[in-house]
Every structure is written in C-alpha cells, then in structure tokens.
Amino acid sequence: MRAALTVLLLAVAVPAAAQDGQAAFDEGVQALRAERYEAAAAAFQRSYELDPKAETACNLALTYDRWEGHSEDAIDAYLQCAQDDDSGRFRDHALSRASALRSQRQPDEPEELPPPDGGGDGDTDGGEGDGGTTNQVPIVEHGEAPPPRSRTLLYVGIGAAAVGLAFIVGGAVAAGNGRAGLDELEEEFPDRVITNEAGVAKLEEVEGQRTRALAFYVTGGIVAAAGLALAAIDLAKGSDDTSVSVAPTRGGAMATLRLDFD
C-alpha cells in the first residue's frame, strides 16, 4: 500500500510541476511584454526550475537582452537556450545573438561559441523596447514555432530536376523511334544501299529523331543537374536571404540563372 501511494504521489506531482511552470511562464511573458524585466526574469527562472524547456530559456535570454546592463546573463541564457533546443528551431538565432553580445563587449579572451547551422529561424518582430537593436527578437509562446523559412531554391530545384527528367525520357523515346526506323531500313535494304526516294526520306527521318534524342539528352542532363544543384544549395545553406532570377539571353534560345545570397 505504501509503495502504491508513493507512485500515485509522484504521478500527481509531475503534472502539477508542469502546470506551475506554465503559469510562471505565462506570467513572465506578460511581464516581458510590459517591459517589467526584473519580474519577467524572476518568472522565467521559476518556470525553468519547475519545467526546463528551451522556450523558457530563450525568453529568459530575451529578457536579459532587453534589460540594460545584463548582457552577461543574456549570453548565458542564450547558450542555455541553444543547448536545450533539440528541435533546432531557436538554436541558430540564440548562438548568433550570444556571439553578437560577446563581440559588443569585446572581452580580453573571447569565448569560443559553436557556429550557427545557418537556419535563420530567429526572425525579428520589430517590437519596441529598451535595448536598441536587441529588442528585435520575438517573444516565444509555448507551442509557438517560428515562421518557416522560404524554400524557394529547393522547390525550384525539384521542379527543374523534374523537367530535366522529362527531357531525358523524351530523348529515350526519340532514340527508340530512331532505332526502330533504322531497323526497318536495314531490313528493307540489307546491303545498306538505298535505291528509292522513300528510303531516303526514311533515313532523313531517322537522322532527325537521333538528333532530337541527343538534344533532349543534353538539355535534360543540364536542367536536371542545375535542379539538383539548387536543391543542394538550399539544403546546405538553409538561408532566407536567397533570391532566384531567370533572364533570357540575346535571341531567347537560352536563359541565365542568377542566385543572390545576402
């Protein structure tokens, strides 16, 4: 009976701690929005002790970041936020902001910070506060994820790869038709000497199909390779600051693709 009672108490205590942590978190959010930084920091610290979560550490870091004279506490909290963020939603921004704060105070022995992954998930919200540019950081709500970054390069790359594959398939069809026509000519003229106009026309048709097949293969290969390259760039860089533009060359036969990285 004592063992069963102990298990029951533990089962009740865990949700209670989570609820208390949520209440403290909400209290901290309200205080932070009201620019009551001391109260917000105390609430977020209490929430983190009851229910440690990356969102809480991130908001605590934001509180210290906006609270003048607490940059050291902000750095520690940002690093804690990055460490706790298993999903990777806030890690890049937290590490970038911690690095920026350290560079602003220019310590004698700068601490090595792990480089961001390049995700750019810490979008700014343009809010107003006490910390100059440091106030342009979103307040994280429980269950709220940052807006997804643009995947323009990935989508363009997938589309280009699909178009390239279609060209290659078209080339295979044209090559097959050319091969079939050539077989017919060899069957009709086994000595490979064409003696009538119909045979000449058939040969010209076969040559045209082979030329089209080669053009399809080359075009498809180039387009598919470009598409795969764009998709690889998107996955490797993962940045929102990328623009894509396509412009026709003189004569309109081909086009140039331009990528701009900010």
- Task: Check residue 201 against each of (1) more than 24 Å from residue 183 (Cα to Cα); (2) at pLDDT below 85 and name the one condition it does not meet.
- Result: (1)
- Being closer than 18 Å to residue 18 by Cα and touching a residue at least 60 places away in the same chain (Cβ under 8 Å) is the filter; apply it to segment 54-95 and report the residue that is surrounded by the fewest Cβ atoms within 10 Å (Cβ to Cβ). 55
- Task: Assess whether residue 100 counts as being under 30 Å from residue 48 (Cβ atoms), at pLDDT 85 or above and either in a loop (DSSP other than H, G, I, E, B) or not assigned by TED's automatic domain parsing to the domain that holds residue 216 (or both).
- Result: yes
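This table checks each residue for (1) in a helix (DSSP H, G or I); (2) among the charged types (D, E, K, R); (3) out of contact with any Phe, Trp or Tyr (no Cβ under 7 Å at 6 or more places or on another chain).
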site: 174; (1), (2), (3): yes, no, no
site: 180; (1), (2), (3): yes, no, yes
site: 186; (1), (2), (3): yes, yes, yes
site: 192; (1), (2), (3): no, yes, yes
site: 209; (1), (2), (3): yes, no, yes
site: 213; (1), (2), (3): yes, no, yes
site: 219; (1), (2), (3): yes, no, no
site: 223; (1), (2), (3): yes, no, no
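State the number of residues belonging to segment 174-200 that are among the hydrophobic types (A, V, I, L, M, F, W, C) and surrounded by fewer than 14 Cβ atoms within 10 Å (Cβ to Cβ). Give the derivation first.
Applying the first criterion (among the hydrophobic types (A, V, I, L, M, F, W, C)) to segment 174-200 yields 174-175, 180, 182, 185, 189, 193-194, 198, 200.
In the following step, the residues that additionally are surrounded by fewer than 14 Cβ atoms within 10 Å (Cβ to Cβ) were identified as 180, 193, 198, 200.
Matching residues across segment 174-200 total 4.
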- Could you tell me which of the residues 51, 26 is in the same structural domain as residue 94 (by TED's automatic domain parsing), closer than 24 Å to residue 83 by Cβ and at pLDDT 90 or above? 26
- Taking segment 42-68 and keeping only residues that are within 15 Å of residue 98 (Cα to Cα) and of a type in the set (Phe, Trp, Tyr), one is left with 64, 67
- Message: Looking only at segment 30-77, count every residue that is closer than 18 Å to residue 95 by Cβ and hydrophobic (A, V, I, L, M, F, W, C) and tell me the total.
- Response: 9
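The values are calculated or read from the model by the stated rules, or taken from the named source; none is laboratory data. Small disclaimer: the values here were computed from a predicted structure and weren't measured. Cβ atoms come from the backbone with ideal geometry, glycine included; neighbour counts cover every protein chain shown.
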